[in-house]
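The values are calculated or read from the model by the stated rules, or taken from the named source; none is laboratory data. Computed from a predicted structure; not experimentally measured. In this analysis, Cβ positions are derived from the backbone assuming ideal geometry, glycine residues included, and neighbour counts consider all displayed protein chains. Heads up: the accessible areas ignore ligands, DNA and RNA and are worked out on the full protein's heavy atoms, side chains in. Shrake-Rupley method; radii C 1.70, N 1.55, O 1.52, S 1.80 Å.
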Amino acid sequence: MVELIAFLIEHFQDFDSCPSGGDLGHVLEEVGFDEADIHKLLMLIDVLNEASQWEVAEQSGTAMRVYWTEESDRLPMEVRGLLHYLEQAGALDAGQREFVINALMFMPAEDITVDMAKVMSLLVLWAQKSELPVLVGDDLMAALHGEATMH
């Protein structure tokens, strides 16, 4: 999944320039990506298309996200810490954070890592054409390539 998201971010300037549904699936198949991973990514993109129309009520800077027991059991403390950090740094808003949490909750437990949370965050930010602080962007991009690539 990481490679698929990296491919999208690197080959399409933004979400609007990305081919839709079946066309994107064909492009990804031609590149050589796994059909099951393509299907998962296309589902995420469909949800992101719907999510872009959601409006999240503004929360005060003192609001605290409390995790359900199921979320605490599945999401490692490091992942929850990363999401808190990204929100506090202004990289993710509450709605984007919730999308990342929900996407991670549908993944196999062994795939829920800090790097996967970074990649999901990048996907959401890319899809919503969000700006993010440079230092945070470097850290997130490192999850795609193993080193910071933004300058």
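Cβ-Cβ distance below 6 Å, separation of 6 or more or different chains: which pairs start in the stretch 30-46 with a residue that is more than 16 Å from ASP16 (Cα to Cα) and of a type in the set (A, V, I, L, M, F, W, C) and end on one that is open to solvent by 60 Å² or more (accessible area, probe 1.4 Å) and part of a helix (DSSP H, G or I)?
Once the first residue is more than 16 Å from ASP16 (Cα to Cα) and of a type in the set (A, V, I, L, M, F, W, C) and sits in the stretch 30-46, no partner that is open to solvent by 60 Å² or more (accessible area, probe 1.4 Å) and part of a helix (DSSP H, G or I) comes close enough.
Any chance you could count how many residues in the stretch 62-108 are in a helix (DSSP H, G or I), within 18 Å of VAL2 (Cα to Cα) and open to solvent by 60 Å² or more (accessible area, probe 1.4 Å)?
Selection size over the stretch 62-108: 1.
Could you check how many residues of the stretch 18-54 are closer than 16 Å to LEU125 by Cβ and open to solvent by 60 Å² or more (accessible area, probe 1.4 Å)?
Within the stretch 18-54, residues that are closer than 16 Å to LEU125 by Cβ and open to solvent by 60 Å² or more (accessible area, probe 1.4 Å) number 3.
Can you spot a residue in the stretch 135-144 that is exposed (fewer than 14 other Cβ atoms within 10 Å of the Cβ), at pLDDT below 90 and in a helix (DSSP H, G or I)?
yes
Which members of the stretch 1-50 meet the condition of being farther than 19 Å from LYS118 by Cβ and among the small types (Gly, Ala, Ser)?
Selection gives SER17, SER20, GLY21, GLY22, GLY25, GLY32, ALA36.
If the Cβ limit is 7 Å and pairs must be 6+ apart or interchain, which residue in the stretch 7-29 that is part of a loop (DSSP other than H, G, I, E, B) pairs with which residue that is open to solvent by 40 Å² or more (accessible area, probe 1.4 Å)?
ASP14/LYS129; PRO19/VAL27
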